[in-house]
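A short write-up of the structure that comes next.
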Amino acid sequence: MFPRRRRLRLIRSAIWQFVHSARALWLAGLAVECPCCGWTFRRFLPWDPKDPTDHNSVCPYCLSHSRHRMLWLYLTANRDKAPWRSGTVLCFAPEPSLLRWFRANHGGPLHTVDLHRDDTDVRADITHLPFRANSVALVVCNHVLEHIADDRAAATEIRRVLEPDGQAVLTVPIDWSREVTFEDPAVHEPRERLRVYGQVDHVRTYGRDFADRLRGAGMVVTVLDFVAGIDRQTALRHGLTTNEPIFLCRAVSLQTDCTKTGQFPRDVPALEGSCFDYTPSTRPTHKPVRSNVAHPTQTHVAARTRHT
């Protein structure tokens with residue numbers, strides 16, 4: 001017999017599978033496609049049903065968001081030429097969709113890391129990692145740093161564990177109307193965080209200085225507008241979001257003058273996408289790429305809020 005906790009987990013998993021399979025079948029169609037699970041639908045679901053602009057965000061089956069689908073496509077485009085393709089990968093607060101990609105496509109060691117979850121390989125604080133310096137080929141940190149009280153210490157730890165030719169792939173929600181990141185340690189109650197930062201477990205709102213904060217931790221930062229490098233029809237089909245770039249980071253020691261240029265060394269292989277001097281569009285907030293898909297019904301998606 002399984003322990004009671006394991007039985008409950010299996011029951012929850014079975015219920016989850018049934019609910020999402022039923023919803024995926026109900027929305028089955030050919031208008032949009034989720035690359036993370038392979039399903040096609042008449043439309044994606046909204047993350048926030050109260051937001052009239054948020055109509056094309058969440059996959060009905062695997063619950064992937066635009067950022068997960070974007071990273072899936074980015075990783076796939078660079079699968080064979082990325083310098084980390086056979087090295088050690090650290091994935092913080094791992095989302096199921098990205099884990100599926102690495103388990104199917106990555107030949108090297110994969111370590112999942114989280115401080116609070118019990119389904120990861122390593123339970124650790126991102127500001128004090130139990131890994132040797134210069135030992136990791138790739139770090140994936142997707143919408144995590146906005147939850148970390150000392151994000152500068154976290155960035156410094158990421159830089160410490162990276163190999164000399166390693167890479168960190170980082171994303172965070174950014175308010176492009178803000179020049180400087182806003183954070184107030186006095187805002188700690190969940191209700192106040194929701195009002196100030198837009199989510200109960202966020203501790204800051206990043207501004208356009210995010211790349212500079214990473215450079216301050218000793219990393220070369222390149223801002224990749226991956227969606228801009230994709231044809232519009234593909235972006236529409238996968239429900240990708242504009243104004244949400246990928247921050248590609250490497251150890252600053254690779255190039256003596258990189259702190260001034262903010263560019264990768266010349267001997268680093270170029271990766272797919274449109275990048276290197278990212279300027280957000282005139283619309284400062286995150287907006288999904290519009291399509292002719294009808295607005296979905298006001299269906300609430302019971303998704304995790306910890307790492308969004």
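Has region 169-181 got any residue that is modelled with pLDDT under 90 and more than 16 Å from the chain's Cα centre (by Cα)? Checked region 169-181: no residue is modelled with pLDDT under 90 and more than 16 Å from the chain's Cα centre (by Cα). A single member of Phe226, Phe247, Phe210 is within 25 Å of Pro35 (Cα to Cα), surrounded by 15 or more Cβ atoms within 10 Å (Cβ to Cβ) and at pLDDT 95 or above, and it is Phe247.
Within region 188-207, the residues that satisfy the criterion of being surrounded by fewer than 19 Cβ atoms within 10 Å (Cβ to Cβ), assigned to a loop (DSSP other than H, G, I, E, B) and of a type outside the set (Val, Ile, Thr) are His188, Glu189, Gly198, Gln199, Asp201, Gly207.
Among the conditions (1) surrounded by 14 or more Cβ atoms within 10 Å (Cβ to Cβ); (2) more than 16 Å from the chain's Cα centre (by Cα); (3) over 17 Å from Thr88 (Cα atoms), the only one that Pro185 does not satisfy is (1).
Screening region 64-74 for residues that are of a type outside the set (Ser, Thr, Tyr) and in contact (Cβ under 8 Å) with a residue 40 or more places away in the chain and picking the one that is nearest to Leu45 (Cα to Cα) gives His65. Taking strands (runs of 3 or more DSSP E) as the structural unit, those lying wholly within region 87-184 and holding at least 1 residues that are small (Gly, Ala, Ser) and in contact (Cβ under 8 Å) with a residue 24 or more places away in the chain correspond to 136-142, 162-171.
Screening the candidates Arg42, Arg69, Arg79 for the property of being modelled with pLDDT of 90 or more and either of a type in the set (Asp, Glu) or over 22 Å from Ala154 (Cα atoms) (or both) yields one hit, Arg69.
The values are calculated or read from the model by the stated rules, or taken from the named source; none is laboratory data. Just so you know, these numbers come straight off a predicted model, no measurement behind them. Virtual Cβ from ideal backbone geometry, glycine too; neighbours counted across all protein chains shown.
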